[in-house]
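Quick notes on the structure that follows.
The values are calculated or read from the model by the stated rules, or taken from the named source; none is laboratory data. Please read all numbers here as calculations on a predicted model, not as lab measurements. Glycine also receives a Cβ, built like all others from the backbone with ideal geometry; neighbour counts cover every protein chain displayed. Just so you know, the surface numbers come from the protein's heavy atoms only, side chains and all, with ligands and any DNA or RNA stripped out. Shrake-Rupley method; radii C 1.70, N 1.55, O 1.52, S 1.80 Å.
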Amino acid sequence: MTLPLAITLGDPAGIGPDIALAAWLKRRAGDRPFCVLGDAKLLAARAEQLGAPVPVEPVARLSDAMTAWQGALPVLHAPLATEAVAGKPDAANGPMVIAAIADAVRAVRDGEAAAVVTNPIAKHVLYAAGFRYPGQTEFLGALAAGLWPDASGAHRPVMMLASDVLRVVPLTIHEPLAAVPGLITSDRIKTVARIVARSLKQDFGIAAPRIALTGLNPHAGEAGTIGREEAETIAPAIAALRSDGLDVTGPYSADTLFHEDARAAYDAAITMYHDQALIPIKTLAFDTGVNTTIGLPFVRTSPDHGTAFPLAGTGSARPDSLIAALALASRMAAHRARAA
């Protein structure tokens, strides 16, 4: 616990500032300190707007957060291009949002921070500012390749949604359903499963990870009568992974994989598409689920929600998911340090 977490502000017109302030107010003894990378004046103004008793202290270095933390919210100040108004995003501030993500990753590389925690962004706002990536996950993958040159090309970002009751990984993410069957390949399944197994060991401290895979079709294809993907692609990939010594089972019918007894039989589930993963975790842990990117040379977590512009500055935004993301980032960083 000698290094703080580097937390980005996210879109300054969204709820990122609100929940960062609330997370500091709810800090407990033993929590790893965090430092916000963003505009200190904005955070102070938002605290006043919300009536939140949060002193904001600009710091010169991330390491200063370890001592400033108890008395104030530490902020590594980066001024906005234009004043941020709660609920009204402005593309002029996009470069600051993008730069904060890159600066947080560099801080981990340089040994100044233990992990990166990103607040929500609005992709359409960043696109207007020249952002070239589908989302933060892909941007983080590009940063990993650029900042860890010896491992360039060796890291692949994989999205995991994690909570105390379920960890789930969608094999395909923001893809039209019509495109999903063609994206399910044996190589993709094996690559993602190996990344998940490695992460469960190094990031979660699970010595012998158990991974379950869903099928694509209803009832996992019903022995080929409701689709052939299970028999022709998914099951052979599972057999290959098992022959490599990984405890991977399936394909299971997705409608029976997420009740309490079923969840006891695995440490993470890999699903074939977005909603197979997101529906169960948002049902079981809507306020406390965490979006984490595995497969990278650094730990990154994020709240499992968006910018919620209508709630910004109103005091209605709940910090639960951010608090869970901070706690998970701290635990993952500690596990990874021990594994190293």
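Can we say Ala29 is in contact with a strand residue (DSSP E or B) (Cβ under 7 Å, 6 or more places away or on another chain), free of Cβ contacts under 8 Å to residues at least 40 places away in the same chain and open to solvent by 10 Å² or more (accessible area, probe 1.4 Å)? No. The one condition from (1) farther than 22 Å from Val108 by Cβ; (2) among the β-branched types (Val, Ile, Thr); (3) part of a helix (DSSP H, G or I) that Ile19 does not meet is (1).
State the number of residues belonging to the range 270-325 that are β-branched (Val, Ile, Thr) and open to solvent by 50 Å² or more (accessible area, probe 1.4 Å).
At the first step, the residues of the range 270-325 found to be β-branched (Val, Ile, Thr) are 270-271, 279, 281, 283, 288, 290, 292-294, 299, 301, 307, 314, 323.
Now narrow it down to the ones that are open to solvent by 50 Å² or more (accessible area, probe 1.4 Å): 279, 283, 288, 314, 323.
Within the range 270-325, residues that are β-branched (Val, Ile, Thr) and open to solvent by 50 Å² or more (accessible area, probe 1.4 Å) number 5.
Is at least one residue of the range 72-91 assigned to a helix (DSSP H, G or I) and under 26 Å from the mean Cα position of the chain (by Cα)? Yes, the conditions are met somewhere in the range 72-91. Against the condition modelled with pLDDT of 95 or more, closer than 17 Å to Ile189 by Cα, of a type in the set (Gly, Ala, Ser) and open to solvent by 50 Å² or more (accessible area, probe 1.4 Å), how does Gly250 come out, does it pass? No.
Looking for something in contact with an Asp or Glu (Cβ under 7 Å, 6 or more places away or on another chain), open to solvent by less than 30 Å² (accessible area, probe 1.4 Å) and closer than 17 Å to Thr307 by Cβ - is there at least one such residue anywhere in the range 93-100?
yes
Out of all the residues in the range 71-85, which are touching a residue at least 24 places away in the same chain (Cβ under 8 Å) and either in contact with an Asp or Glu (Cβ under 7 Å, 6 or more places away or on another chain) or crowded, with 22+ Cβ neighbours inside 10 Å (or both)? Correct list: Leu73, Pro74, Val75, Leu76, His77, Ala78, Pro79, Leu80, Ala84.
With respect to the conditions (1) surrounded by fewer than 17 Cβ atoms within 10 Å (Cβ to Cβ); (2) among the charged types (D, E, K, R); (3) touching a strand residue (DSSP E or B) at 6+ places or on another chain (Cβ under 7 Å), Arg338 lacks only one, and its number is (3). Asn119 fulfils the conditions (1) touching a residue at least 40 places away in the same chain (Cβ under 8 Å); (2) in a helix (DSSP H, G or I) except for a single criterion, (2).
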